[in-house]
Structures are given as C-alpha cells and as structure tokens.
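Written below as structure tokens is the structure these notes are about.
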Amino acid sequence: MTALVIAEHDNQSIKGATLNTVTAALQAGGDVHVLVAGHNAGAAAAQAAQIAGVSKVIHADSEALAHGLAENVAAQVLAMAANYSHIVFPATAGGKNAAPRVAAKLDVAQISEISKVISADTFERPIYAGNAIATVQSADATKVITVRTTGFDAAAATGGSAAVETIAAQADSGKSAFVGSEIAKSDRPELTAAKIIVSGGRALGSSEKFNEVLTPLADKLGAALGASRAAVDAGYAPNDWQVGQTGKIVAPSLYVACGISGAIQHLAGMKDSKVIVAINKDPEAPIFSVADYGLEADLFVAVPELISQL
Ligand SMILES: Cc1cc2nc3c(=O)[nH]c(=O)nc-3n(C[C@H](O)[C@H](O)[C@H](O)COP(=O)(O)OP(=O)(O)OC[C@H]3O[C@@H](n4cnc5c(N)ncnc54)[C@H](O)[C@@H]3O)c2cc1C
C-alpha cells in the first residue's frame, strides 16, 4: 500500500498545505511518496525530500507544469496512478481543481475534504457546512482523496531524507493555457497559514473603518486579516479575506471576531480555531456559542481599548 501526495508548491518551495496532507496520507497507512510537478522546481523537490515520513519524491519538470494547470497535473498523476492505493491532494484551490479529473478518469468516487482517517478505506468528512460528520468507506481500488488541511497537524518539514526520482513529464494537454496572474502582495501572514487572525463583519460599516479599527489590532498581534461574507460583499474587505463555507477554512491558534454575528456559514470556516474571541454588542449573537472569550461591547470602543492595553 503506497500513497501519492500531490505537492502544493510555487516551484521554489513547498506550501504548508502539503505537510498536513502528508500527515493524512501517513495515517492511511503504508509508504508515502510525494509528486512535485512543476517547472525548474528542483528546489521544491529537494524540500519535499526533507519532509518527515516521506519515502520518495517524484519530480516531473516541464514548462507545461509551471503553473499547476489542472489538466496537465491530472495527466501527470494519471500516468503513475496504477502504482498507488491512495492519491491524496490538499483541498486547496489547486487540489480541488485536479483531483476530480483524476477520479473521473480512474472511474472511482472522489472522497472529498476528509478531516480524519479511521482506516485505509474509511474516513470522516464534514457535511452540511460542518454541522454533521459523515463516515465514508470506499470500496474503490484507488482512493482519490482531498484533505481538509485544518483537520491534520503538519508533518515536520525537516528530518526526512527521501530519494528524489526524476520522471518524464507528460506532454502539454493543450486544453488550457496560462494567461497571467495578479497576486496580492502583503506583509501579513497568509490567511490559511496564520497563527492569529483578526476578522471583521458587517458591523464595521465601511472599508475605511475596517482598516482604521482592525488593521492596528492585526499589526499589534502580527495577525492576518479576515472577514465575514457580509463584509466582503459590501466591499469592506477583499474577497480573498472571506472566512467560511464559501471562503477559506482556517484553524489558527487565536481567532478574534469583531462585529461578526456567527452565522453557521461563517462558523463552518473558523470553529476549529484553538481559541476564539468574540466582540459583539448583541448578547444573543450566535458567535458567543463558540467563543472561548466573549466581550459584549461596541467594537469601536473595545478594539481601540484592547490595542492600548497590548
Ligand atoms: C450558501 C451560503 C454561503 C455563505 N458563505 C459564507 C461564508 O463563507 N462566510 C460568511 O461569513 N458568511 C457566509 N454566508 C453568509 C452568512 O449567512 C451571513 O449572512 C454572514 O456571515 C453575516 O455576516 P456578519 O456576521 O458580518 O453580518 P451580520 O449577520 O449582519 O452581523 C453583524 C454583527 O455585528 C454586531 N454589531 C453591530 N454593530 C456592532 C458594534 N458597533 N460593535 C460590536 N458588534 C456590533 C451585530 O450584533 C451582529 O451580530 C453564506 C450564506 C449562504 C446562504
């Protein structure tokens, strides 16, 4: 039994989601190999070889794999799929794009967003926005899995010494082409990797207030900024800050929710945070039901006071 983890990387380095995915693959049992499909991605492959528990890194390099186009990544995985009992992707935008193509071509059911491994063929996954946990058992010969990364600890990034094997890259599928990317630059930690998140809701009232009130708190705490969907839809915060069922799933050590009611769709994205602090002026707000520390107060008074105490 051998699992193949599809690495998330930027050709230079391995992204954190890969480490959580390796942990899930190790729990499914057997050896764990990691595929680094990229372009000039030798550094990323060398980093993957350091991950504790990985017994082999397979490196496929070509221009067609430079940008993680799903069609080309899927073709690369399919070329080697016969060797593996489990093919495991992180449930990131990239993983969720490629995994279904692999599952469909193999004619197996994809097992999506697993949050726990019970055995090699049985997994838990949240359903109904995390309000119920389904236990699913797969009888398929190859398990094609995406991993909810917040459900698994990160494997140690160093300590391993896997061999790196270079294989021929598959030809460009020609079905899609990379046109360009606009990447927001920020000095803040990336939302899904942040240890502390300060998040704001509709109560902030404008993007000016959002920045004026929450940015100094995030700066003090070295935190990433997040937002509810209502705040994003109203234009107070950018789209990629949205936390929740249709946004990002996060599980930081500390999540500070300011003026967020705590709708189930928001809770679905953050309720696994280790410590949740809620500031809300409504004592009945559902966010208080998941908060470890709740402050019933006007955030425009409480947040500046909090900053002055830090
Ligand atoms: C299919 C679907 C998917 C969705 N996906 C998401 C998702 O991914 N993420 C998400 O967040 N939502 C999502 N939603 C929307 C969700 O249902 C809620 O509408 C949204 O989360 C509400 O955002 P909010 O808490 O900022 O706003 P509100 O619900 O309007 O809450 C504002 C809160 O601020 C408090 N408040 C007001 N003024 C102050 C003040 N001065 N000081 C302190 N507190 C104050 C109020 O008491 C209230 O609790 C989804 C909905 C659907 C139907």
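Please treat every number below as a calculation from the coordinates, not as lab data. The structure displayed is predicted, hence computed values, not measured ones. Neighbour counts run over all protein chains shown; Cβ positions are idealised from the backbone, glycine included.
Structural remarks
- Rg to Rh quotient for the stretch 1-122, alpha carbon positions, Kirkwood Rh: 0.92
- Alpha-carbon spread of the chain, three principal axes, descending order, Å: 60, 39, 38
- For the stretch 204-294, the normalised intensity computed at q = 0.14, 0.18, 0.19, 0.25 Å⁻¹ comes to -0.43, -0.75, -0.85, -1.52 (log10 of I(q)/I(0), Debye sum over alpha carbons, equal scatterers, no solvent).
- The sum of -39500 (n - 2.57) across all DSSP H runs of n ≥ 4, divided by the residue count of the chain, sets its helix-only mean residue ellipticity at 222 nm to -7000 deg cm²/dmol.
- Relative to the Cα centre, the charge distribution of the stretch 191-309, modelled as +1 at Lys and Arg Cβ and -1 at Asp and Glu Cβ, gives a dipole magnitude of about 320 debye.
- Calculated P(r) tail over 22 Å for the stretch 58-149, as whole % of Cα pairs: 27 percent
- Only the Cβ atoms of Lys and Arg (+1) and of Asp and Glu (-1) were treated as charged; on that basis the dipole of the stretch 2-167 about its Cα centre amounts to roughly 240 debye.
- Mean Cβ neighbour count within 10 Å, used as a protection proxy, ranking 63-72, 274-283, 256-265 highest first: 256-265, 63-72, 274-283
- GluC sites (Glu not before Pro) lying in DSSP loop within the stretch 262-308, provided at most 16 other Cβ fall within 10 Å: Glu284
- Qualifying trypsin sites (Lys or Arg not before Pro) for the stretch 154-257 [loop in DSSP, other Cβ within 10 Å: at most 15]: Lys175, Lys185, Lys195
- Dipole of the chain, positive direction: furthest Cα of Ala70, Ala99, Ala297, with charges on the beta-carbon: Ala99
- Measuring between their Cα centroids, the stretch 1-38 and the stretch 264-287 lie 32 Å from each other.
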